[in-house]
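Every number in this text was worked out from the coordinates using simple rules, so none of it is lab data. Only a predicted model underlies this, so the values are computations on that prediction, with no experimental measurement involved. In this analysis, Cβ positions are derived from the backbone assuming ideal geometry, glycine residues included, and neighbour counts consider all displayed protein chains.
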2 protein chains.
Amino acid sequence: MSKLKPADISPELHSDNVLTEFTLQALLGYQIKRAYNHVQNDLSETLAAFDLRVLTFTALVMIKENAGTSQSKLANALQIERPNLVAIIDELENRELIVRERVVHDRRAYSLVVTKTGSQLCVSALNAVKAHEKNMFSCLTAADKKALTKMMLRIRQNNEL
Amino acid sequence: MSKLKPADISPELHSDNVLTEFTLQALLGYQIKRAYNHVQNDLSETLAAFDLRVLTFTALVMIKENAGTSQSKLANALQIERPNLVAIIDELENRELIVRERVVHDRRAYSLVVTKTGSQLCVSALNAVKAHEKNMFSCLTAADKKALTKMMLRIRQNNEL
DNA sequence: TATTGTTATACTCTATAACTATA
DNA sequence: TATAGTTATAGAGTATAACAATA
């Protein structure tokens, strides 16, 4: 079978309803992307029940775990630019999930701390996220998950300068 | 050691330069995300050398592999909404990498076909992407990659309705 | 000078409603 | 009425320049 060249195609519609994607499916990055999209979408739905987006949830968890951190350090940890963190922190503060307190010995910075409400929401959301993960990865054995974690870590280390 | 409650934290900056993230690191989805970000960023850089974004590249590959397909079918395959595909197709057509031809027996639809230039660029870009993958996943053995592919496929199948 | 938080801005990606021309 | 492609628009997420307050 010879391959079809552009000139051989008459202007008619491709008949198949599902397109072939042999080329893309052979790419590991493409497979990771497709699977990760499902995980990401399900995570977003899970967090929507708590009125949280992935980024606000991640910020909340990080602030709880690093009480007293600054917006600069947090932006650095979340790998986002400082200006983009402002709205996220504003939202968490408006919902009284965290507080911004001026630091005594460095009045440029804020000390970020979760409130009791924020801490409780964090626990609830985290439990939901764990349930989401249990469900999403129920097709993997414990050994699979361990191997997968190691591979993801290796990919990161292989490509961090 | 008892856990610190919000009230116990004086408004001082967290002293560590690197924040802890035990909670997030325990989540498999988070590990996949972190690793995938590296892959995605490197892929974007790779394709930028050909003036292609990930989506325009993916569209080009799919059109080459499914000559004569329509924009609706392509949008469906790429999992994006039809309106968002228009600009992508416009760009590929303006660069003369593909052509839009009116279909004879259904004048609503276009038949999408790569040009010779488009086909050649596709081959070059694909070679670069393969090199990118070889580099990104050089830390994984052939068996690792095979297992990873199977796991990603299982996650997708586990979560498709 | 340098840093922290901020504003303004812009660009990409994504999602929906509504239009047009065809079927 | 249904479908293919399109337009307009809006919401996220992300990136940079520049500013005020502070170091």
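For this structure, a couple of remarks:
- Any hit, segment B:82-94, residues being away from chain A (no Cβ under 14 Å), of a type outside the set (A, V, I, L, M) and more than 8 Å from DNA strand D (Cβ to nearest atom): yes
- Scan segment B:124-140 for residues that are in contact with a Lys or Arg (Cβ under 9 Å, 6 or more places away or on another chain) and either among the aliphatic types (A, V, I, L, M) or within 15 Å of DNA strand D (Cβ to nearest atom) (or both) and the total you get is 1.
- Verdict on B:Leu43 being part of a helix (DSSP H, G or I) and either more than 8 Å from chain A (Cβ to nearest Cβ) or within 12 Å of DNA strand D (Cβ to nearest atom) (or both): no
- Subset of segment B:63-76 (residues that are assigned to a helix (DSSP H, G or I) and within 14 Å of DNA strand C (Cβ to nearest atom)): B:Gln71, B:Ser72, B:Leu74, B:Ala75, B:Asn76
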